[in-house]
1. Just one of (1) under 17 Å from the mean Cα position of the chain (by Cα); (2) surrounded by fewer than 19 Cβ atoms within 10 Å (Cβ to Cβ); (3) over 26 Å from V158 (Cβ atoms) trips up R73, so point out which.
2. Sort out which residues of the stretch 1-25 are touching a Lys or Arg at 6+ places or on another chain (Cβ under 7 Å) and part of a loop (DSSP other than H, G, I, E, B), and write them in order of number.
3. Show the residue pairs meeting these rules: Cβ distance below 8 Å; 6+ apart or different chains; first residue within the stretch 58-78 and of a type in the set (D, E, K, R); second residue assigned to a loop (DSSP other than H, G, I, E, B) and buried (at least 22 other Cβ atoms within 10 Å of the Cβ).
4. State yes or no: is V145 of a type in the set (A, V, I, L, M, F, W, C) and touching a helix residue (DSSP H, G or I) at 6+ places or on another chain (Cβ under 8 Å)?
5. Could you please let me know if I104 is among the β-branched types (V, I, T), in contact with a helix residue (DSSP H, G or I) (Cβ under 6 Å, 6 or more places away or on another chain), within 17 Å of A63 (Cβ to Cβ) and in contact (Cβ under 8 Å) with a residue 40 or more places away in the chain?
Amino acid sequence: MKFGIYVEMQNPPQYRKPHTQVYQEILEQIEHAERMGFRTFSTLEHHWFEEFSISTNPLALYAAAAQRTKEIRFRTCSHVLPLHNPMVFLGQVAAVDILTGGRIELSFGRGHAWVYPKASIPLEEGRGRFVESLEILEQAWANEVLTYKGKYYQVENVRIVPELVQKPHPKIYTGGASNHNYELAGQK
C-alpha cells in the first residue's frame, strides 16, 4: 500500500505565523515525508481565505520542494481552472514537470462560488470556463499544435512550450461537489 500526505497550509488568526515561516515549515514537512517513505505530497490552490489556506501556487511550492527531494511525487488538489488562462497554465505545468523531474500530478476543480467575484469572473461563467479549459488541456497534450475556438478561449496554431517530461501528460485527477463534475469525471 502506498501512502501520501495532504496539507492545507492553514494559518488561522489564533495561531498566525509569518507566511514565510509557513512555507519554510511546509518544505521541511515535504522533506520529512519523503524520508518517512510517503509516495505523494498534496496541497491545494486556494485564494483569499488565510484561515483555510495560503497555498495560492502549489506549482511554485513543488518546484522548490523538488530541489530538496528525490522521489516523492507532488499532487495538486485542485487547481481552480476557471481562474487560469489554460494556454498559460499549460506552459507553467510543463515547466514544473521539468523542474520536478516528472513528479507532478494534477487535480482540477471549479472552485467555490465565492471565489468568482473576487477574481472578477462572473459566477455563471465558471462551468463553461472549466469545461473549455479541460478541453484545451486535453487537446494540447494530444497534439503538437493547438487550435481551439470556444466561447471563452480562442487560440490558433499555438505550440505550447516547454515540452512535458511525462508522456502524454502528468496523472490527472478531478475534484468537485456537484453532479456536473461527477458526470464529467465519469466521462473521462
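1. For R73, the failing item is (2).
2. Step one: list which residues in the stretch 1-25 are touching a Lys or Arg at 6+ places or on another chain (Cβ under 7 Å), which gives 2-4, 11.
Across the stretch 1-25, the qualifying residues are K2, F3, N11.
3. Taking only residues 6 or more apart or on different chains, the pairs are E71/R103; R73/R103.
4. So V145 does not fit the description; no.
5. Values: among the β-branched types (V, I, T): yes; in contact with a helix residue (DSSP H, G or I) (Cβ under 6 Å, 6 or more places away or on another chain): yes; within 17 Å of A63 (Cβ to Cβ): yes; in contact (Cβ under 8 Å) with a residue 40 or more places away in the chain: yes.
So I104 fits the description; yes.
Condition check ((1) free of Cβ contacts under 8 Å to residues at least 60 places away in the same chain; (2) assigned to a helix (DSSP H, G or I); (3) surrounded by 13 or more Cβ atoms within 10 Å (Cβ to Cβ); (4) touching a helix residue (DSSP H, G or I) at 6+ places or on another chain (Cβ under 7 Å)) across all residues:
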position: L27; (1), (2), (3), (4): yes, yes, yes, yes
position: A33; (1), (2), (3), (4): yes, yes, yes, no
position: H46; (1), (2), (3), (4): yes, no, yes, no
position: F108; (1), (2), (3), (4): no, no, yes, yes
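We did not get these values from a lab; they are worked out from the coordinates using the rules stated. Quick caveat: nothing in here was measured; it's all calculated off a predicted structure. Positions of Cβ are generated from backbone atoms using ideal geometry, with glycine treated the same way; all protein chains shown enter the neighbour counts.
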